[in-house]
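Here the structure comes first, spelled out in structure tokens, and everything after it is commentary.
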Amino acid sequence: KQTIKELKDEVAKRKKAEHKIMESLRKERELNELKTKFLSLVSHEFKTPLSGILTSATLAGKYTETDQQDKREKHLKTIQNKVKYLNNILNDFLSIERMESGKTNYKFDTFPLSKVVNEVIYNANMLLKDGQRINYPQNIDDIFLNFDEKILELSLTNLINNAVKYSPGHTIIDVVVIPKSDSLSIKIIDEGMGIPQKEQKYIFNRYFRAENALLDQGTGIGLNIVKSHLESLGGTITFESEEGKGSTFTISFPTKNKIN
Ligand code: ADP
């Protein structure tokens with residue numbers, strides 16, 4: 001016959017087991033919800049650029065005469081841009097997936113800041129609207145960092161592409177680098193639509209998109225993953241924004257990390 005204590009222990013044990021099952025069910029449900037959301041976002045976000053690529057490819061194939069070279073090149077550039085856009089979205093999704101499953105491997109390397117900045121600016125320049133310009137520092141050749149290069153590239157790509165996307169033509173985007181002894185800050189300043197005051201507190205939430213941005217394509221994922229990665233690496237991201245005036249996003253991160 002069981003004593004009262006044994007009975008109590010048994011109940012406690014079962015409760016614990018039950019809790020564990022509930023917990024893993026909850027996790028599985030959350031992961032499933034994430035996957036469903038992924039799928040609907042991906043299919044929605046990919047549709048428009050894909051049909052654009054098809055149109056441009058068809059037209060580029062028609063402009064075969066020598067005097068049509070300009071038109072052909074314009075369409076090829078459109079294709080390049082749209083493929084890059086899709087590639088960025090895919091990278092963001094993969095980044096979340098790896099983070100969620102605890103498979104993110106950060107890698108510290110020593111590299112020149114200019115390498116990443118030039119690459120990101122080169123790609124962003126292709127997305128510029130009429131009269132839009134990006135000012136970025138030319139005198140950063142001697143700045144070497146020890147940081148995760150891919151994460152820096154992903155962060156700058158998201159922030160600079162946002163500045164381009166959420167600003168109209170004939171505006172300037174400034175990229176400012178502020179080196180400190182063992183950290184670095186980079187500011188991305190735009191003169192765009194800004195973020196409405198009452199929505200600013202949600203801006204880093206996954207999938208959140210402000211009301212005034214809904215006409216532009218987007219997933220609401222970029223800022224969320226940039227923040228998660230930077231914070232995992234001891235960095236920060238902050239912003240100031242005024243609707244109709246513009247936004248300034250600032251990232252900061254330690255630059256003297258231990259080499260893996
Ligand atoms: P996405 O741009 O794909 O929607 P993000 O996570 O990069 O996703 O940004 C989330 C939201 O934050 C955007 O939808 C937009 O409402 C707002 N936002 C981000 N950057 C800017 C910016 N530079 N200017 C105005 N709004 C911005």
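The values are calculated or read from the model by the stated rules, or taken from the named source; none is laboratory data. All figures in this text were calculated on a predicted structure; none of them were measured in a lab. When we count neighbours, we look across all protein chains shown, and the Cβ atoms used for this are built from the backbone with ideal geometry, even at glycine. Surface accessibility is based on the protein's heavy atoms, side chains included, excluding ligands, DNA and RNA. Shrake-Rupley method; radii C 1.70, N 1.55, O 1.52, S 1.80 Å.
Miscellaneous remarks
- Shape call, the chain: gyration tensor on alpha carbons, a/c limit 1.5: prolate
- Listed peptides 189-202, 146-159 appear in the order 146-159, 189-202 once ranked by packing, highest mean of other Cβ atoms within 10 Å at the front.
- Kyte-Doolittle at least -0.5, axis length at least 20 Å by Cα - qualifying DSSP helices, the chain: 149-165
- Counting only protein heavy atoms and a 1.4 Å probe, the chain has 62 square angstrom of accessible area per residue.
- Relative to the Cα centre, the charge distribution of the range 82-188, modelled as +1 at Lys and Arg Cβ and -1 at Asp and Glu Cβ, gives a dipole magnitude of about 320 debye.
- The residue among Ile21, Val42, Ile4 whose Cα reaches farthest toward the positive pole of the charge dipole of the range 1-42, with charges on the beta-carbon of Lys, Arg, Asp and Glu, is Ile4.
- Karplus-derived 3J(HN,Hα), 6.51/-1.76/1.60, for each residue of the range 140-147, Hz, glycine and proline x: 10, 4, 9, 8, 10, 10, 10, 7
- Translational diffusion coefficient (Stokes-Einstein; Kirkwood radius from C-alpha pairs) of the range 94-161 at 25 °C, 0.890 mPa s, in µm²/s: 181
- The charge dipole of the chain, taken about its Cα centre with unit charges on the Cβ atoms of Lys, Arg (+1), Asp and Glu (-1) only, comes to about 1260 debye.
- Protection proxy ranking for 40-51, 210-221, using the average of other Cβ atoms within 10 Å per residue and placing the highest first: 210-221, 40-51.
- Among 113-124, 74-85, the order from most to least packed when residues are scored by Cβ within 10 Å on average: 113-124, 74-85
- Formal net charge of residues neighbouring Asn105 (Cβ-Cβ distance under 11 Å; K, R +1; D, E -1): +3
- Gaussian network model of the chain, springs between alpha carbon atoms under 10 Å - residue of Arg209, Arg26, Arg98 with greatest fluctuation: Arg26
- Efficiency of FRET between Arg98 and Asp70 - r from beta-carbon atoms, R0 45 angstrom, step 0.05: 0.60
- Computed 3J(HN,Hα) for the range 169-184, one whole-Hz value per residue from the Karplus formula 6.51 cos²θ - 1.76 cosθ + 1.60 where θ = phi - 60°, is x, 6, 10, 10, 10, 9, 10, 10, 10, 10, x, 10, 4, 10, 8, 9, glycine and proline marked x.
- Mean residue ellipticity, 222 nm, helices only, the chain: the sum of -39500 (n - 2.57) across DSSP H runs of n ≥ 4, divided by residue count and rounded to 500, is -18000 deg cm²/dmol.
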